[in-house]
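Here the structure comes first, spelled out in structure tokens, and everything after it is commentary.
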């Protein structure tokens, strides 16, 4: 039932994204080069409860703030519920402007599913050094701060269920991408990690978080493990330090 429910939700999300793409095409006209599904809708593992709807938008010159606001408004007019899950990654023809980080560029190259396309633009594949520098920056800082906050939390409110579960799953995605330069599903990352985990990383805890995500369940049973999050951060920090020490 869970797999079927997730599949139905994924189909609804794809239909929503396709309708958005059609509306955006009318708004952006010939400046729109393509609209693509990214993330779990493209590479698998969509969760009806925990997944975002990731969409990549490539235009000739990028988006203005007015364009972006209009696109969000059009999405909300289609479905307020699904628009709340919508994450728009956007850039220009050269992939130099906007919001399209290295890992999402890799996802676009490897898995991007076309919704609308006037011209396929192929940016250079991000190298491993670029991916590692990106991951060790704001994404890692954000996870570190969130993990520290969750570790001392006295009560897990419903509004924190999604970010709390993500805090437990993030090490798998981080280590997988840090070591391979690629983006894949949570399922793939956790399976890859089982035989390749850095010292000190609690893979069993990550696998338990994945089971929770697959079941679309509340992460309350994982709340007792919140104190383990700083140790997960420490294991990933050591991986970063080790890679930096190996640089020529």
(message) Given (1) without any contact (Cβ under 8 Å) to a residue 40 or more places away in the chain; (2) farther than 30 Å from residue 234 by Cβ, identify the lone condition not met by residue 113.
(response) (1)
(request) Report whether or not residue 194 is surrounded by fewer than 20 Cβ atoms within 10 Å (Cβ to Cβ) and modelled with pLDDT under 95. (result) yes
(message) If a residue must be outside any strand (DSSP E or B), out of contact with any helix residue (DSSP H, G or I) (no Cβ under 8 Å at 6 or more places or on another chain) and in contact (Cβ under 8 Å) with a residue 40 or more places away in the chain, how many such residues does segment 23-38 contain?
(response) 2
(message) Given (1) loosely packed, with under 15 Cβ neighbours inside 10 Å; (2) under 25 Å from residue 202 (Cα atoms); (3) not assigned by TED's automatic domain parsing to the domain that holds residue 234, identify the lone condition not met by residue 142.
(response) (3)
(request) For residue 41, state whether it is part of a helix (DSSP H, G or I) and surrounded by 17 or more Cβ atoms within 10 Å (Cβ to Cβ). (result) yes
(message) Looking at segment 227-242, can you tell me whether even one residue there is within 24 Å of residue 104 (Cβ to Cβ), modelled with pLDDT under 95 and not in a loop (DSSP other than H, G, I, E, B)?
(response) no
(message) For segment 213-226, which positions are within 16 Å of residue 156 (Cβ to Cβ) and either in contact with a strand residue (DSSP E or B) (Cβ under 7 Å, 6 or more places away or on another chain) or in a helix (DSSP H, G or I) (or both)?
(response) 213, 219, 220, 221, 222, 223, 224, 225, 226
(message) Can you list the helices (runs of 4 or more DSSP H) lying wholly within segment 45-162 that have 2 or more residues being closer than 27 Å to residue 181 by Cα and in contact with a strand residue (DSSP E or B) (Cβ under 9 Å, 6 or more places away or on another chain)?
(response) 102-111
(message) Could you list, ordered by first residue, the pairs with Cβ atoms under 8 Å in which the first is in segment 206-228 and on the phi > 0 side of the Ramachandran plot and the second is surrounded by 15 or more Cβ atoms within 10 Å (Cβ to Cβ), at least 6 apart or interchain?
(response) 216/6; 216/47; 216/48; 216/49; 216/50
(request) Please enumerate the residues belonging to segment 196-205 that are outside any loop (DSSP other than H, G, I, E, B) and within 12 Å of residue 231 (Cβ to Cβ). (result) 205
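The values are calculated or read from the model by the stated rules, or taken from the named source; none is laboratory data. All values derive from a computational prediction rather than experimental measurement. Positions of Cβ are generated from backbone atoms using ideal geometry, with glycine treated the same way; all protein chains shown enter the neighbour counts.
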